[in-house]
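Reviewing the structure listed below.
The values are calculated or read from the model by the stated rules, or taken from the named source; none is laboratory data. Please read all numbers here as calculations on a predicted model, not as lab measurements. All Cβ positions, even for glycine, are placed from backbone atoms using ideal geometry, and neighbour counts span all protein chains on display. We work out accessible area using only protein heavy atoms, side chains counted, and drop any ligands, DNA or RNA first. Shrake-Rupley method; radii C 1.70, N 1.55, O 1.52, S 1.80 Å.
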Amino acid sequence: MLALTTRSTTPPHRAPRRRRIGILDLVTKSPRNSLYGRLMNANLASIMPQVLGVWCEEAGHEVTYVCYTGGDDLLAELPNDLDILFIGAFTQAAQLAYAISHLYRGRGTVTVLGGPHARCYPEDARKYFDYVLGFTDRTVVEDVLAECAPHWPDGRLMASERQPSDLPPLQARWKFVEAALAKAPTIKFVPMIGSLGCPYTCSFCIDSTVDYQPLGFAQVSADLAFLLTKMKHPIVGWHDPNFGVRFDDYMEAIESAVPRGRMRHIAESSLSLLSEPHLARLRTNGFQAILPGIESWFDLGNKSKTRRTGMEKVEQVAEHVNLILRYIPYIQTNFVLGLDTDEGPEPFELTKRFLDLAPGAFPAYSLLSAFGRAAPLNLEYQRAGRVVPFPFTFLNNNHAMNVRPKNYTWPAFYDRVVDLSRYSFSWRAIRRRLGATDGMIPKWMNVVRAMSSEGWGRIEYHATIRRLLDEDAAVRGFMDGKTDQLPAFYSRRIEHDLGALYPHLPAGGMMHDPNAYLKSTVEEALPLVRPAPGRRAVRPADHARESVVTPTLGSF
Ligand code: B12
Ligand code: SF4
């Protein structure tokens, strides 16, 4: 049974003493980078660690912020004698985060985990951190700093009821932005955000249960105006989960602050928001790259604004993508492979036809992944016993598919994945993509990405897995659910990924319970400890109930 979260031992209104705080943003999981990683990783820096830096400094603390991009010496950049260390991590970097937390706890530092991994796997993360945070606002951070106490064996789970209603202006987090971008050797994207949550309800998505909320268009304008005082022709990377939901407000905010031609933008947006008039306005405002989700030819139509399926959908979406390319020079189309609606060769063959019809699109393939409690749909996979306990390092949508496919054997599935990847990143496809793309940076990005880890690197990796399915009974048995014993191929890769930090991976940190979310929903009701004034005590079972029963209140 899971231990209850205890209430704060520090009176809430007493000002905490000045603390030495470390904030670590893990944008990669390994010190060994691909060419693309070396050039681009710093552009993946998250906004929240920078926000946290502002909040901590405004509360009077001393902050060291480190954005770890892989090539740098992580331990040399972080001081040894921190009072408290906040780590932001995606699940792929969770084991690196666990190792660092273990090392620092040994030195007497209190450790805190936030970000996607904390939201998806709080039951596991709390074994290795003193605090695990879900939705995080300034008050949650102040509460943690006020208490700043070790919690052992189970870390304390804390979260605000909903996403923060505002975030500090870009000017306040600028020094952290600069520190991260100093590690980007050529192209630099300034991370910005203007909204949280999403009005859509794609069942596989972490934001399907989080209300859409703009953060304030006046602030967007002020941030952009500030940015122009710092960079001549900045490129803004928007982190909004679905950019452009309040399209006119957004465009007005940009137009009121940015003279034409002074700024470029990149955003993730759904096809349904990319009508021709919207595209024309995006082009006028300097949008250079757009990343819509197509996901599947047989499912998830609400994002692509089509009820069609199969070849009809391919033709319609290809036409739309070609239209987009007349306005926006770079487009990455996102697909999920292995969905339950997919069966036989058709979904893969249709994607090839799509690439023929829309050769300018850079395809990004995600293997179907269930990230713990990210989405209510994951409960179904867990109930059906279909979640494979791949260690976290592999959960980045590519290095493993942790949901056993419904309609394919593993070999048949990987045959298709390898074949599609080869088709997508062949010389022929690269040449056609070059021909269909305008502008030096988009052309360069398309070639480098195809030849680096995202194209050829993945072909090689998927082909290795396909081979192991035939040759290594341990791999096949693990993926088929016949054994929980991690095959040597995977344990060796974890050791390789963690490098010098591998010896610090705590006992138990290699594997996790893939059904923890499901188990927490069937736990008996436990009496709650009264929370500190204005806050609530949290336990995993609460989140599960919230996300199932009242989805918009889920805090992790
Ligand atoms: C924008 C985005 C990106 C951007 C920016 C990434 C970045 N560094 O932030 C880009 C395109 C680069 C990206 C890349 C990837 N992404 Co992404 N991305 C998103 C997206 C759409 C929005 C996330 C966001 O910024 N929200 C706004 C912030 C403010 O809100 P929040 O994330 O909910 O964070 C709250 C709390 O978690 C907390 N918090 C967040 N960070 C931190 C840090 C600390 C220290 C603390 C204390 C608190 C804290 O405070 C916030 C406010 O309450 C989400 C999907 C979604 N709809 O949320 C996926 C998502 C986060 N991405 C995901 C994945 C898998 C990836 C990739 C691995 C994909 C790939 N194969 O390349 C890479 C990994 C990049 C990396 N750095 O490791 C998964 C993560 C699942 C997981 N558990 O790991 C998500 C959830 C999508 C999904 N599949 O469901 N991504
Ligand atoms: S449109 Fe994107 S952000 Fe919104 S619920 Fe669907 S996948 Fe999530």
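Summary table below
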| item | result |
| --- | --- |
| Accessible surface, 1.4 Å probe, highest first, among residues 479, 231, 311 | 311, 231, 479 |
| Inter-site label distance for residue 482 and residue 161 at 7 Å from Cα along Cβ, in nm | 5.2 |
| Paired Rg and Dmax values of the range 162-234, which use every Cα atom, in angstrom | 14.8, 41 |
| Rounded to the nearest 10 Å², the accessible area of residue 104 at probe 1.4 Å | 0 |
| Full-extension gain in nm, residue 182 to residue 203, via 0.36 nm per residue minus C-alpha separation | 3.8 nm |
| Which of 353, 492 is most accessible, then next, and so on - probe 1.4 Å | 492, 353 |
| Net charge, residue 325 excluded, C-beta distance under 14 Å - Lys, Arg +1, Asp, Glu -1 | +2 |
| Rounded D (µm²/s) - the chain, Kirkwood Rh over Cα pairs, Stokes-Einstein at 4 °C, 1.567 mPa s | 53 |
| Amide H within-cut-off set for residue 367, under 5 Å, with H built and near neighbours excluded | 337, 398 |
| Cα convex hull of the range 137-281, projected area averaged across orientations, nm² | 11.4 |
| Heavy atoms of residue 466 accessible to a 1.4 Å probe, total area in Å² rounded to 10 | 50 |
| Order of exposure, largest accessible area first, which applies to 491, 101 with probe 1.4 Å | 491, 101 |
| The range 282-299 - phi-based ³J(HN,Hα) in whole Hz, Karplus 6.51/-1.76/1.60, Gly and Pro as x | 4, 4, 4, 8, x, 6, 10, 8, 9, 10, x, x, 9, 6, 7, 8, 10, 8 |
| Fraction of antiparallel bridges per DSSP, the chain only, in percent to nearest 5 | 5 |
| Net +/- balance of residues flanking residue 440 in space, Cβ distance below 15 Å, scoring K and R +1, D and E -1 | +3 |
| Cα-based Rg of the range 223-381 normalised by 2.2 N^0.38 Å, two decimals | 1.14 |
| Positive minus negative residues near residue 469 (Lys, Arg vs Asp, Glu; Cβ under 11 Å) | -2 |
| Carbon/sulfur fraction of accessible area - the chain, other protein chains in place, 1.4 Å, % | 53 |
| The range 409-457 - accessible surface per residue (Å², probe 1.4 Å) | 45 |
| Rounded Å value of the spacing that divides the Cα centres of the range 122-156 and the range 450-516 | 29 |
| Spin-label model distance (nm) - residue 309 vs residue 513, 7 Å beyond Cα toward Cβ | 3.7 |
| Over 18 Å between alpha carbons, listed pairs 29/188; 29/127; 406/482; 313/352; 352/406; 175/230 | 29/188; 29/127; 352/406 |
| Relative contact order (%) - criterion: Cα under 8 Å, at least six apart; region: the range 23-103 | 48 |
